[in-house]
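Heads up: the structure comes next, in structure tokens.
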Amino acid sequence: MPRRIVDLPSRRAPTPAEPIVVAIRRLPADAVVPMHSHACGQLAYPVRGAVCLDVPGSRWLVPPFRAVWVPPAMDHELALLGRVDLRIVHIEPSVASLPVEACVVVEIAPLLRELIESLAVSPTPRGRRREQIESLLLTELGCAKVLDLRLPQPVDRRLRALCDALMENPADNAPLGEWAKRVGASERTLSRLFQSEMGMSFGLWRQQVRLTQATVLAAQGRSYGEIAGALGYASPSAFSAMFRRALGVSPRAFFEAGRAGRD
């Protein structure tokens, strides 16, 4: 079923005098905001649901209480996965404390969460207090933990066919040789393309697909057993081991950290 195409309502842009502007956005479920860019930096932060951000060559799946940073002037498309409540933090480029050349996903810790909410829910008038909130928000954002949730996207049509199929069905455990037969390329060619276009092996890319899909399924309230099965793991413990190797913490710790302080 085609997704609904929507545009984000306009919002006043940040300025050197007002370097941070926060907006609350509640858009239709499963909608898509088509490719666009901003003169300022933007932090897209779901407090409910998950979002998918696409830029040329890369994709990020972002669960609740994490946020994806989009630098100024970078073309991007935003897809909402289910019902999503968003906080959009617009930041004047001259004060941005995140990279100006690349997207990243960051952890939104409880203090950073409250600072964003203080500017979103009950906007603070210009003055010393607001300046202090903005300064601390930028400091905390610059110290935020960066999460490896990037999913490189290919150009080669054979690699694209493989990647699209695996993103559609991440539980498929077929080896690279089998995929080579399916897409009409040799295993050696596919292995070379993964390294040249994606910067990683097929096995690592498939793990990254499953890791990012896991964050979305967990945001939907699925149990770890259901997630493990949906991603092709024989047991929840096998899924948990992969998750721990990739992110350094168990799935339970990761998602409980995201929920901490949400109420």
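The values are calculated or read from the model by the stated rules, or taken from the named source; none is laboratory data. Predicted model, so just to flag it, every value in this text is computed and none were measured. Cβ coordinates were reconstructed from backbone atoms using ideal geometry, including for glycine residues, and neighbour counts include every protein chain displayed. The accessibility values were calculated without ligands, DNA or RNA, using every heavy atom of the protein model including side chains. Shrake-Rupley method; radii C 1.70, N 1.55, O 1.52, S 1.80 Å.
Assorted remarks:
- Selection count, region 165-175, where residues are part of a helix (DSSP H, G or I), open to solvent by 20 Å² or more (accessible area, probe 1.4 Å) and touching a residue at least 12 places away in the same chain (Cβ under 8 Å): 2
Condition check ((1) farther than 25 Å from P14 by Cβ; (2) modelled with pLDDT under 95; (3) of a type in the set (G, A, S)) across all residues:
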{"residue": "P123", "(1), (2), (3)": "no, yes, no"}
{"residue": "R126", "(1), (2), (3)": "no, yes, no"}
{"residue": "S135", "(1), (2), (3)": "no, no, yes"}
{"residue": "D156", "(1), (2), (3)": "yes, no, no"}
{"residue": "P170", "(1), (2), (3)": "yes, yes, no"}
{"residue": "R188", "(1), (2), (3)": "yes, no, no"}
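- Failed condition for P63, given (1) open to solvent by 10 Å² or more (accessible area, probe 1.4 Å); (2) within 30 Å of E131 (Cα to Cα); (3) not acidic (D, E): (1)
- The set of residues from region 95-123 being of a type in the set (S, T, N, Q) and exposed (fewer than 13 other Cβ atoms within 10 Å of the Cβ) comprises just one member, S122.
- Here region 124-164 is the region considered, the condition is being touching a residue at least 60 places away in the same chain (Cβ under 8 Å) and more than 22 Å from the chain's Cα centre (by Cα), and the residue that is surrounded by the most Cβ atoms within 10 Å (Cβ to Cβ) is E134.
- Verdict on L217 being more than 18 Å from S58 (Cβ to Cβ) and touching an Asp or Glu at 6+ places or on another chain (Cβ under 9 Å): yes
- Any hit, region 245-258, residues being of a type outside the set (A, V, I, L, M, F, W, C), at pLDDT 90 or above and open to solvent by 40 Å² or more (accessible area, probe 1.4 Å): no
- Candidate set: region 45-59, residues that are hydrophobic (A, V, I, L, M, F, W, C) and in contact with a His (Cβ under 9 Å, 6 or more places away or on another chain); chosen: the one least open to solvent (accessible area, probe 1.4 Å): L53
- Scan of region 34-43 for residues that are open to solvent by 20 Å² or more (accessible area, probe 1.4 Å) and assigned to a loop (DSSP other than H, G, I, E, B), ordered by number: S37, H38, A39
- Members of region 1-17 found to be over 12 Å from I91 (Cβ atoms) and open to solvent by 80 Å² or more (accessible area, probe 1.4 Å), listed by number: M1, P2, R3, R4, I5, D7, S10, R11, R12
- Sub-9 Å Cβ pairs linking a first residue in region 221-234 that is under 20 Å from L166 (Cα atoms) to a second residue that is among the polar types (S, T, N, Q) and open to solvent by 40 Å² or more (accessible area, probe 1.4 Å), at least 6 apart or interchain, are I227/Q213; A228/S237; A230/Q213; L231/Q213; G232/N169; G232/N173, ordered by first then second residue.
- Only listed residue being under 22 Å from V55 (Cα atoms), in a helix (DSSP H, G or I), out of contact with any strand residue (DSSP E or B) (no Cβ under 6 Å at 6 or more places or on another chain) and of a type in the set (K, R), chosen from R130, R160: R160
- Of all residues in region 18-33 being more than 16 Å from the chain's Cα centre (by Cα) and open to solvent by 10 Å² or more (accessible area, probe 1.4 Å), the one that is modelled with the lowest pLDDT: L27
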